[in-house]
Amino acid sequence: MNEVDVLIVGGGIAGASLGAEIAASRSVLLVEAESVCGFHSTGRSAAFWLESYGGPIVAQLSAASRAFLDRPPRDFSESGFLRTRGDLHLIRDELPELPPSVETRIVERAELEKLVPGIKPEWPRALFEPGCADIDVAALHAAYLRRFRQLGGEVRTDSALVSATRQGSGWRATLRDGSGTDAQVIVDAAGAWADPVATTCCVQPLDIRPKRRTMVQLRVGRSGLRSLPLVDDAAGTFYFKGEGDRTIWLSPHDEIDSEPCDAAPEEIDVATAIDRFQTVVDWPIEAVERKWAGLRSFALDRIPVYGFDPDAPGFFWFAGQGGFGIQTAPAAAKLATALLLRCEPDPMVADIDPAPFSPARFRLSG
Ligand SMILES: Cc1cc2nc3c(=O)[nH]c(=O)nc-3n(C[C@H](O)[C@H](O)[C@H](O)COP(=O)(O)OP(=O)(O)OC[C@H]3O[C@@H](n4cnc5c(N)ncnc54)[C@H](O)[C@@H]3O)c2cc1C
């Protein structure tokens, strides 16, 4: 029987980043159900960092993560993971309410026309958020997995956790191939499967709900789009960003309840995305080059859940990363490390109160 201090369930950005933070001081096994890590939400994101996204509590994590993403330590990555492009929140009526820490300025119609040539007249102005950046998600995820392995962490793919029972002060876990592992702590970093994994461990689920989001890659009859700002509707009905010279990534900002699964795009959501896009710019659509969907999983208050379950000793939640799990990953992993190892937090997150993230908020005993 294999024995480790910590068993992490899930090899997306959540499991990989937390594994990389704790592997120096604990023996850690990370198990991933799929044949590659990052197959689900982490490999399907829109790949941007947007400080205003997710409300003020999440914004603290995004802001704290920015410097690491932009200029990571040399021994973690030779190059940064961000490319700044800015975001235009298009406004029809009232200004959106953004966290006060976020830098913005109003862009009136004349400037808007320069930034988004061909924008339709019904969009009179926008709020510009200059800090918005693309994240190289694949490189970030790979760097976390590399660091994890360098520090002695073990990754096992094709290895779903199928059951776990209490064993002394820890756990006896069984994987799909029948092999077993004893662990002091189980970390639930299973994304859309966070609740099912809890159930597998006889831990009461938290009602973390997966919601499908659709992305479409369009080729359009307009060039020079690669550095276009991210463009979104402040009312939250679409966003798009330049991808190649004549291609964009577009989303209808959908949020459709789903079972945990290998999410696929529905034709109606692709059609809705295109319909909304055509109300924004006059660019002819030449082709739908690619479409995909992924699951964004939220706790009921839409704040992620980090911490030991108050009713299940040794069960640690690292779930509910919603639509911001990439941009918050560095700070989230540091904060979770302090909670998991019961140690002083890294300076990156020293000013962030962990209380709002606690699973105890959903437990009567909490
Ligand atoms: C369309 C879309 C756009 C997005 N855009 C952005 C963005 O621009 N910026 C941003 O920051 N975030 C964005 N997100 C959100 C971000 O992708 C997620 O928050 C993040 O990837 C969640 O990471 P995770 O590791 O929790 O989940 P996942 O990447 O889904 O990883 C969980 C893993 O757990 C594994 N697993 C499940 N059950 C078991 C089991 N029993 N045993 C072993 N393994 C198991 C799964 O196979 C999976 O690989 C977007 C998401 C989507 C879908």
Going through (1) under 18 Å from the mean Cα position of the chain (by Cα); (2) within 10 Å of the ligand (Cβ to nearest atom); (3) of a type outside the set (A, V, I, L, M, F, W, C); (4) under 30 Å from residue 162 (Cβ atoms) one by one, residue 254 fails only at (4)
Pair list, Cβ < 6 Å and 6+ apart or interchain, from segment 188-199 residues that are of a type outside the set (Val, Ile, Thr) to residues that are surrounded by fewer than 24 Cβ atoms within 10 Å (Cβ to Cβ) and assigned to a helix (DSSP H, G or I):
none
Single match in 212, 222 (criterion: basic (Lys, Arg), touching a Ser or Thr at 6+ places or on another chain (Cβ under 6 Å) and at pLDDT 95 or above)
212
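I'm checking my understanding of the structure. Among residues of segment 97-112 that are surrounded by 16 or more Cβ atoms within 10 Å (Cβ to Cβ) and not β-branched (Val, Ile, Thr), which one is farthest from the chain's Cα centre (by Cα)?
Top of the filtered list is 112.
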List pairs: first residue in segment 28-46 and under 17 Å from residue 319 (Cα atoms) and within 6 Å of the ligand (Cβ to nearest atom), second residue outside any loop (DSSP other than H, G, I, E, B) and of a type in the set (D, E, K, R) anywhere in the structure, Cβ distance under 6 angstrom, at least six positions apart or on different chains.
31/156
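Quick check on segment 343-356. Is at least one of its residues within 16 Å of the ligand (Cβ to nearest atom) and either within 21 Å of residue 20 (Cα to Cα) or aliphatic (A, V, I, L, M) (or both)?
Looking through segment 343-356, none of the residues is within 16 Å of the ligand (Cβ to nearest atom) and either within 21 Å of residue 20 (Cα to Cα) or aliphatic (A, V, I, L, M) (or both).
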Checklist (1) surrounded by fewer than 21 Cβ atoms within 10 Å (Cβ to Cβ); (2) of a type in the set (Lys, Arg); (3) closer than 23 Å to residue 122 by Cβ applied to residue 241, failing item
(1)
Could you list, in sequence order, the residues of segment 178-200 that are away from the ligand (no atom under 12 Å from the Cβ) and of a type in the set (D, E, K, R)?
182
Starting from segment 150-163, take each residue that is of a type in the set (Val, Ile, Thr) and list its partners that are loosely packed, with under 15 Cβ neighbours inside 10 Å and assigned to a loop (DSSP other than H, G, I, E, B), counting only C-beta distances under 6 angstrom and pairs at least six apart or across chains.
157/35; 162/176
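The values are calculated or read from the model by the stated rules, or taken from the named source; none is laboratory data. Nothing here was measured: the structure is a model prediction, and the numbers come from that model. No Cβ is skipped: glycine too gets one built from the backbone with ideal geometry, and neighbour counts run over all protein chains shown.
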